[in-house]
1. On the given criteria, is Asp113 over 18 Å from Val188 (Cα atoms), open to solvent by 30 Å² or more (accessible area, probe 1.4 Å) and charged (D, E, K, R)?
2. Which one is nearest to the chain's Cα centre (by Cα) among residues in region 121-153 that are more than 8 Å from the ligand (Cβ to nearest atom) and among the polar types (S, T, N, Q)?
3. Only one residue in Gly103, Gly158, Gly98 is closer than 18 Å to Asp206 by Cβ and either open to solvent by 40 Å² or more (accessible area, probe 1.4 Å) or at pLDDT below 95 (or both), so which one is that?
4. Is one or more of the residues making up region 74-88 farther than 22 Å from Leu163 by Cβ, over 17 Å from the mean Cα position of the chain (by Cα) and acidic (Asp, Glu)?
5. In region 22-62, what residues are loosely packed, with under 15 Cβ neighbours inside 10 Å and part of a helix (DSSP H, G or I)?
6. So which residues in region 164-183 are surrounded by fewer than 17 Cβ atoms within 10 Å (Cβ to Cβ) and more than 11 Å from Gly204 (Cα to Cα), if there are any at all?
7. Do you know which residues across region 196-212 are more than 7 Å from the ligand (Cβ to nearest atom) and of a type in the set (A, V, I, L, M)?
Amino acid sequence: MSDEDEIILSELDDEELVQQMFDDLYDGLKEEIEEGVNILLERKWEPYDILTKALVGGMTIVGADFRDGILFVPEVLLAANAMKGGMAILKPLLAETGAPRVGKMVIGTVKGDIHDIGKNLVGMMMEGAGFEVVDLGINNPVENYLEAMETEGPDILGMSALLTTTMPYMKVVIDTMVEQGIRDDYIVLVGGAPLNEEFGKAIGADAYCRDAAVAVETAKEWMARKHNSVKSA
Ligand code: B12
């Protein structure tokens, strides 16, 4: 056969396919990633497992090589684009059909920061858990958050930052909320790879969430607390 070196994704077993998807994500091959996601879905994989094991797993490898100077911005952008292709297929499947609305969240990446994959993932998982999500996108100055809180009336404000230079901006937003006397009207969740629990506490957030699954659990916990305190008030 002339094309014997061409890999047919559907002929690989699950483990080989996931490995191949890591390679394809690394190479920024969006169509192949979409095909891989569809094959895993046909094989009855849970959407959440495809997201975490195949896509986020692959992005971890990209992240390590970016850090080590093996990959550069253009390649990482292609990888991110391929990842988004896969996420777009999974998004509607992660939404639990008919789930009662459990709360509303406004989420955005802070000013100076254009990373949005993690934020998008959190948004998708929150929607999947029954939250209504208003996504402000990237590079948000404090005014955007304030305006969205006023017009959307969310229960939760979520902020994302992936750079050590942009994470302090979360404090700017929270401090402004304090100044305006609206801080306690919202549950503030923060996340992003360079953050940690200590940072979350130091800037006055309600919680730092390591990943999207923790974000959903934490949001539900805080919503339950909020309802209880409203009842007892
Ligand atoms: C993809 C990527 C890019 C892409 C972004 C594409 C996109 N659309 O997002 C591009 C190529 C554009 C990019 C650009 C840059 N990047 Co970049 N990037 C990454 C990379 C490889 C992966 C990030 C990612 O998507 N991870 C996968 C997602 C799923 O994980 P996550 O973002 O952490 O999100 C999860 C949790 O953190 C949490 N979470 C995230 N947000 C939120 C929000 C809330 C509310 C909650 C509750 C939870 C939560 O849940 C998420 C899901 O589980 C990281 C490496 C890394 N290790 O993080 C570097 C990294 C973040 N980038 C880095 C740098 C330096 C840059 C640039 C400055 C490079 C340059 N020289 O231009 C620019 C900055 C541009 C800017 N102004 O923002 C550094 C930051 C170093 C630092 N100390 O600050 C990193 C760490 C790489 C490195 N080691 O050098 N980057």
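The values are calculated or read from the model by the stated rules, or taken from the named source; none is laboratory data. Because the structure is a prediction, the values reported are computed rather than measured. Please note: Cβ atoms are built from the backbone with ideal geometry, for glycine as well, and neighbour counts cover all protein chains shown. Remember, those area values only see protein heavy atoms, side chains included, never the ligands or the DNA or RNA. Shrake-Rupley method; radii C 1.70, N 1.55, O 1.52, S 1.80 Å.
1. On the way: over 18 Å from Val188 (Cα atoms): yes; open to solvent by 30 Å² or more (accessible area, probe 1.4 Å): no; charged (D, E, K, R): yes.
Judged against the criteria, Asp113 is not a match.
2. Filtering region 121-153 for residues more than 8 Å from the ligand (Cβ to nearest atom) gives 123-124, 126-137, 140-153.
From what's left, among the polar types (S, T, N, Q): 140, 144, 151.
Details: Asn140: 16, Asn144: 19, Thr151: 23 Å.
Taking the candidates together, the pick is Asn140.
3. Details: Gly158 fails: either open to solvent by 40 Å² or more (accessible area, probe 1.4 Å) or at pLDDT below 95 (or both); Gly98 fails: closer than 18 Å to Asp206 by Cβ.
The unique qualifying residue is Gly103.
4. The answer is no; no qualifying residue exists.
5. Asp23, Glu31, Glu42, Asp49, Thr60
6. Result: Thr164, Thr165, Pro168, Thr176, Glu179, Gln180, Gly181, Ile182.
7. The initial filter retains those residues of region 196-212 that are more than 7 Å from the ligand (Cβ to nearest atom), namely 196-208.
Selection gives Ala202, Ile203, Ala205, Ala207.
So that you can scan it fast, the table gives a plain yes or no per residue for (1) closer than 16 Å to Glu32 by Cβ; (2) outside the structural domain of Tyr186 (by TED's automatic domain parsing):
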{"residue": "Ile50", "(1), (2)": "yes, yes"}
{"residue": "Gly58", "(1), (2)": "yes, yes"}
{"residue": "Ile70", "(1), (2)": "no, yes"}
{"residue": "Asn81", "(1), (2)": "yes, yes"}
{"residue": "Val110", "(1), (2)": "no, no"}
{"residue": "Met124", "(1), (2)": "no, no"}
